[in-house]
Amino acid sequence: MSPRGPGPAWTVSAWCRLPRRGRAVSSRRTVRAGVPGRDARGRDGFRVTCRVTCRGVDNGPVSDTSGLSALPGAGSAEQVDGPSAVPAPAVPSYKLRRGRMGVVRRDALAEHLSRFEVPSGEGALDLAALFGPGVPVVLEIGFGSGDSTMSMAAADPGTGVLAADVHTPGVGNLVLALSESGLENVRVLNGDGEELLRRRIAPGSLAGVRVYFPDPWPKARHHKRRLVTPRFAALVAGRLAPGGLLHCATDWEPYAQQMTAVLAAEPALELENDGPVPRPAWRPVTRFEARGLERGHRVADLLARRRP
Ligand SMILES: C[S@@+](CC[C@H](N)C(=O)[O-])C[C@H]1O[C@@H](n2cnc3c(N)ncnc32)[C@H](O)[C@@H]1O
């Protein structure tokens, strides 16, 4: 992309996956100009769209949201439910970690991710096209290794599962397991599940949202990274169908207290038991949970239903 005329200096970051070897390639370009527009909060800004091409493969248009969200006080640029939408969090709930990925998982990603991947693009996902008409769909944010995602999907093949995690080795693990299982009711996002919810899920369309053992961020200075906040609860409540279930679990007591307070305070949700309940039979013990249990941690499950 070449600089075009006057306008703000703009840095666009983009990445794409090479079709065969599956390696991510990132690119930064500084451009001038952009399309004036208003963000979700109605503030003025500029949007830049470019096409990402890797070795001759056109990966389609990429809207620069990093630039727009860098404007003071800006929210998300693209939201599926208009200007009243819940804004993006100030900081993400994760820090990207490096992780080793064996050759088997790397090959599985390169070979099978496209088959199981949440389709890229903008606007609301067509869930009926993805999973079949009338199929209830749940979103799991932060599946880790994906072991419990797999067992829940296998136990309930009539439910479509959108599974998101930012940690690529875990995504490799889940895609490998899916490719060996024959399960067809899971779609995977190697990316931010909160952003998927905010930007790609139509209001009132999910049967459930699962947040199992989100990073507890125990240090006070990191609390701002916690996923389950009043903003998140409002976002989830808006995306759930009436009767839809937000299921959170944590083994970090102070976070359990925060979750309880947050979910109880969200008017569109009804918190079962006004607090933690025993682990429901449908949720297997997750890998992260098992480690907590070994250390003697107490686990809290919280079930909050979307009011009619
Ligand atoms: C502590 S681990 C728990 C994993 C799994 N649920 C378990 O119980 O074994 C939290 C996971 O959430 C992921 N994560 C954090 N924020 C996320 C987000 N906004 N979108 C997707 N994944 C996220 C992390 O990469 C990590 O794999």
Residues other than Arg295 with Cβ under 12 Å of its Cβ, Lys/Arg counted +1 and Asp/Glu -1, net out at -1
Counting only residues 5 or more places away or on other chains, whose amide H sits under 5 Å from the amide H of Glu140 once H atoms are built in the peptide plane?
Leu162, Ala163, Ala164, Arg210
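Net charge within 15 Å of Ser151 by Cβ-Cβ distance, Lys/Arg positive one each and Asp/Glu negative one each, not counting Ser151 itself?
Numbers: positive: Arg210, Arg279, Arg283, Arg287; negative: Glu140, Asp147, Asp156, Glu180, Glu289.
My count for the surroundings of Ser151 gives -1.
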Arranged by the count of other C-beta atoms within 10 angstrom, fewest first, what order do Lys224, Lys219 take?
Lys219, Lys224
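Among the GluC sites (Glu not before Pro) within the range 156-257, which fall in a DSSP loop and have no more than 15 other Cβ atoms within 10 Å of their own Cβ?
On the way: sites: Glu180, Glu184, Glu194, Glu195; in loops: Glu184.
Here the GluC sites (Glu not before Pro) that fit, given the DSSP loop and packing criteria, are Glu184.
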Note down the net charge around Arg221, summing +1 for each Lys or Arg and -1 for each Asp or Glu among other residues with Cβ under 15 Å from its Cβ.
+4
Virtual spin-label span in nm between Ala128 and Ala241, 7 Å along Cα→Cβ
1.1 nm
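How do Val135, Val262, Val104 rank when sorted from fewest to most other Cβ atoms within 10 Å of their own Cβ?
Ascending number of Cβ neighbours within 10 Å: Val104, Val135, Val262.
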Fewest to most neighbouring Cβ within 10 Å: what's the order for Tyr255, Tyr94?
Tyr94, Tyr255
Report the gain in length on full extension from Ser120 to His223: 0.36 nm times residue separation, minus Cα-Cα distance, nm rounded to one decimal.
34.0 nm
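The numbers here are math on the coordinates, done by the rules we state, and not lab data. Just so it is clear, the structure is predicted and the values come from calculations on it, not from any experiment. Positions of Cβ are backbone-derived with ideal geometry, glycine not excepted, and every protein chain shown enters the neighbour counts.
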